[in-house]
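Heads up, the thing below is written out as structure tokens.
No lab work stands behind these numbers, since they all come straight from the coordinates. Values in this document were obtained by computation on a predicted structure and should not be read as measured data. Ideal geometry is used to build each Cβ from the backbone, glycine not excepted, and the neighbour counts take in all protein chains shown.
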Amino acid sequence: AGAQFQLTVPVAVVFAPGSVPGDLPRPLPFRDAQEMEISANLRTSITSRYEMVYRSTTAQEEAALRAATPREADAALHPLQDASLGALTVYVVPETSSLLPQGISVYVGKHRNALVRAGGSLAAFRTRLQQLTQVMSFTASSITTALSDRVPDGRLGPDARRHLKSSLGYEITFSLLNPDPKSHAVDWDIEDAVNRYVQPVLDKLSLVANFSVDSQILYYAVLGVTPRFDKESSSFLLSAHSLPHVINPVEARLGSSAASLYPVLNFLLYVPERSHSPLYIQDKDGAPVSTNAFHSPRWGGIMVYNVEAPPSPQAALPLHVDVDMVRVMEVFLAQLRLLFGLSREELPPEFMVESPGNEGLADWELDRLLWAHTVENIATVSTTLTSLAQLLDKIGNIVIKDDVASEVYQAVASVQSAMAELATGHLHSAFQASKEAVTSSERAFFDPSLLHLLYFPDDQKFAIYIPLFLPMAVPILLSLAKIVREARQHKKEPTKMD
């Protein structure tokens, strides 16, 4: 089914004293809207609409902009701005302002606001503003990636299939693989590490989906590839082209994804056996990978954790190893961001982006995820309902119960509501409506009463029942014929007597 998306982003452009461009078309405050077409495919048209409100700073905002650093200004401005999801606030400071460092013209904070130098003319300022709004909300590529199932492959970037598909829930499993417990007694404080580093990120993402986290230690679990010994560095190497073969044998031992309703993300910490230590991962060019880790799209990541060799060869085995969880979690969180498509795109050199700190992602990054997931959810529901309609068309005698019908109506109503909320710039309610639509459409599609094996075509019914009824039908038909013959004879006899 065709779809017309209109994605509306409310943007407040706030001018500090001395930053108003001379060629501004109207006196402040005024409204303005900019629209752009994103081409996805023939059936799906997407319009992105930026609804701008241009105004001057309030006294409180002016005071916040007098801060010494952009980070302090960002923190002071946060309580003063529109906190609704998807809404952006851009503060324009004079071209000569010392608030932004030398050579930086755009500063993106960790909430939903940014600082921009005025840029002299209105045209230069508009270019900066357009770049910024795309960084903080969505780009053509992030939306076409969300519609990846409906877009021709040629239009997609190389990362399109890397991100996880939108889901109502995700399961995260941390596994420690110790293939050589005779040599290494490995301890990792995974519970504390999850609480300190992973939980703040999941709390922020709780709006997007439900998350469950578990961990396990697997002994004698080996990688599927024997590493190559390198004499020069006297270490073992895993080359980039052998990495895909590493996962399969390990995955058989993980055993979590089979019973799961939701996508499972696997993060594996591998402590190489003593006979293969130290073990390093090489990239495509043969250079060592600094993190000694790699990730697999939509699956998870593996990090190799080398153990220091004992000082004396007579040291008692097994060696006690305490894993440095800060180092490990840095890698796993970076991989988690990659899997959710939160990796930073290449930005122009005059952009400066604030690190989100221990929350793991900035507010505007959460918005980026919600824009993409809302569009993806709507597309998924459309595909599910189209498939259901095709199934019902094929099977003429299928019985549709009232509860299935009501789920379909509910899904359609929720999709319409999500589209309307996107067009008015209410990202939060649009996302919630799209989640409800997915739940309803899946309930309808997977309803046991619609199992197509319950409904046979007519020719199959004849094929099954004729062999059963034929032996019984022969004597019945013969006796019917006999009755008809006798009735005819009976009618003929009285006429002879006349």
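Name the residue farthest towards the positive end of the dipole of the chain from the options Ala64, Gln4, Asn113, assuming +1 on Cβ of Lys and Arg, -1 on Cβ of Asp and Glu, about the Cα centre.
Gln4
Would you please give the FRET efficiency between Asn248 and Tyr219, computed as 1/(1 + (r/R0)^6) with r the Cβ-Cβ distance and R0 = 25 Å, to the nearest 0.05?
Using R0 = 25 Å, I get an efficiency of 0.85.
Size of the dipole of the chain about the Cα centre, Lys and Arg at +1 and Asp and Glu at -1 on the beta carbon, nothing else charged, in debye to 20?
1740 debye
Return the distance in nm (one decimal) between the two label points of a simple spin-label model at Gln489 and Phe30, each offset 7 Å from Cα along Cα→Cβ.
10.9 nm
Taking the Cα atoms of segment 456-497, report the difference between the largest and smallest coordinate on each principal axis, in whole Å and largest first.
The Cα atoms of segment 456-497 stretch 57, 17, 7 Å along their principal axes.
Could you work out how far the C-alpha centroid of segment 28-58 sits from that of segment 456-496, in angstrom?
First find each Cα centre; the distance between them is then 77 Å.
Sorted by mean Cβ packing within 10 Å, highest first, what order do the peptides 364-373, 219-228 take?
Ranking, from highest mean packing down: 364-373, 219-228.
At 37 °C and 0.692 mPa s, grab the translational diffusion coefficient of segment 1-154 from Stokes-Einstein with a Kirkwood Rh over Cα pairs, rounded to a whole number in µm² per second.
197 µm²/s
Subtract the Cα-Cα distance of Phe229 and Ser355 from 0.36 nm times their separation in residues, and report this length gain in nm to one decimal.
Extending this stretch completely gives an extra 41.4 nm.
Can you find, among Val222, Met352, Gly396, the residue farthest towards the positive end of the dipole of the chain? Put +1 on the C-beta of Lys and Arg, -1 on that of Asp and Glu.
Of the listed residues, the answer is Gly396.
Taking the simple approach of a point 7 Å from Cα along Cα-to-Cβ for both Ser39 and Lys284, what is their distance in nm?
A separation of 2.8 nm, rounded to one decimal place.
Between Ser98 and Ile400, what length comes free when the chain is fully extended (0.36 nm per residue of separation minus the Cα-Cα distance, one decimal in nm)?
Value of the extension gain: 101.9 nm.
Subtracting the Cα-Cα distance from 0.36 nm times the residue separation, let me have the gained length for Arg344 to Leu80 in nm, one decimal.
The span from Arg344 to Leu80 would gain 92.4 nm if fully extended.
Rounding to the nearest 20 debye, state how big the charge dipole of segment 348-498 is about its Cα centre with +1 on each Lys and Arg Cβ and -1 on each Asp and Glu Cβ.
1980 debye
Taking the Cβ of Gly18 as the centre, find all other residues whose Cβ is under 15 Å away and add up their charges (Lys, Arg: +1; Asp, Glu: -1).
Spelling it out: positives minus negatives among the neighbours equals -1.
Label points 7 Å out from Cα along the Cβ direction at Ala185 and Ser479: separation in nm?
Using points 7 Å along Cα→Cβ, the separation is 8.8 nm.
Can you tell me how the chain classifies by the Cα gyration tensor, rounded, prolate or oblate, using a/c under 1.5 as the rounded cut?
Values: a/c = 3.28, a/b = 1.42, b/c = 2.31.
In terms of gyration-tensor shape, oblate.
State, as an integer percentage, the relative contact order of the chain based on alpha-carbon contacts under 8 Å between residues 6 or more apart.
16 percent
By average Cβ neighbour count within 10 Å, what is the ranking of 78-84, 343-349 from highest down?
Ranked by mean Cβ neighbours within 10 Å, highest first: 78-84, 343-349.
Using a Cα-Cα cut-off of under 18 Å, which aspartates and glutamates could be cross-linked to Lys182, ignoring same-chain neighbours fewer than 8 residues away?
Candidates past the 8-residue exclusion: Glu273, Glu308, Asp322.
Between segment 270-322 and segment 368-438, how many Å separate their Cα centres?
46 Å
Which cross-chain or sequence-distant (5 or more) residues have an amide H under 5 Å from the amide H of Ala209, H modelled 1.01 Å from N in plane?
For Ala209, no residues qualify.
Would you mind checking which residues have amide H under 5 Å from Thr44's amide H? H placed 1.01 Å from N; only 5 or more apart, or other chain.
For Thr44, whose amide H was placed from the backbone, the distant partners under 5 Å are Ala3.
Choose one of Gln489, Pro471, Phe456: the residue whose Cα lies farthest towards the positive end of the charge dipole of segment 456-497 (beta-carbon charges +1 Lys, Arg; -1 Asp, Glu; about the Cα centre).
Gln489
Using a 10 Å cut-off on Cβ atoms, rank the peptides 259-268, 465-474, 281-290 from the highest mean neighbour count down.
Top to bottom by mean Cβ count within 10 Å: 259-268, 281-290, 465-474.
As a quick test, which of the pairs Lys165/Lys394; Lys165/Lys435; Lys204/Lys435 have an alpha carbon distance above 21 angstrom in this structure? Could the numbers behind the result be given before it?
Working: Lys165/Lys394 29 Å; Lys165/Lys435 13 Å; Lys204/Lys435 17 Å.
From the list (Lys165/Lys394; Lys165/Lys435; Lys204/Lys435), the Cα-Cα distance tops 21 Å for Lys165/Lys394.
Given the -39500 (n - 2.57) contribution per DSSP H run of 4+ residues, what per-residue ellipticity at 222 nm results for the chain, rounded to the nearest 500 deg cm²/dmol?
Working: 12 runs with 186 residues, N = 498.
Helices in the chain give a 222 nm mean residue ellipticity of -12500 deg cm²/dmol.
As an exercise, use a Förster radius of 41 Å and the Cβ-Cβ distance of Val412 and Lys461 to find the FRET efficiency, rounded to the nearest 0.05.
0.75
Any idea what the dipole of segment 1-144 comes to, in debye rounded to 20, about its Cα centre with Lys/Arg Cβ at +1 and Asp/Glu Cβ at -1? Working shown, then result.
Working: 12 positive and 11 negative charges, 30 e Å.
Using Cβ point charges on Lys, Arg, Asp and Glu, segment 1-144 gives about 140 debye.
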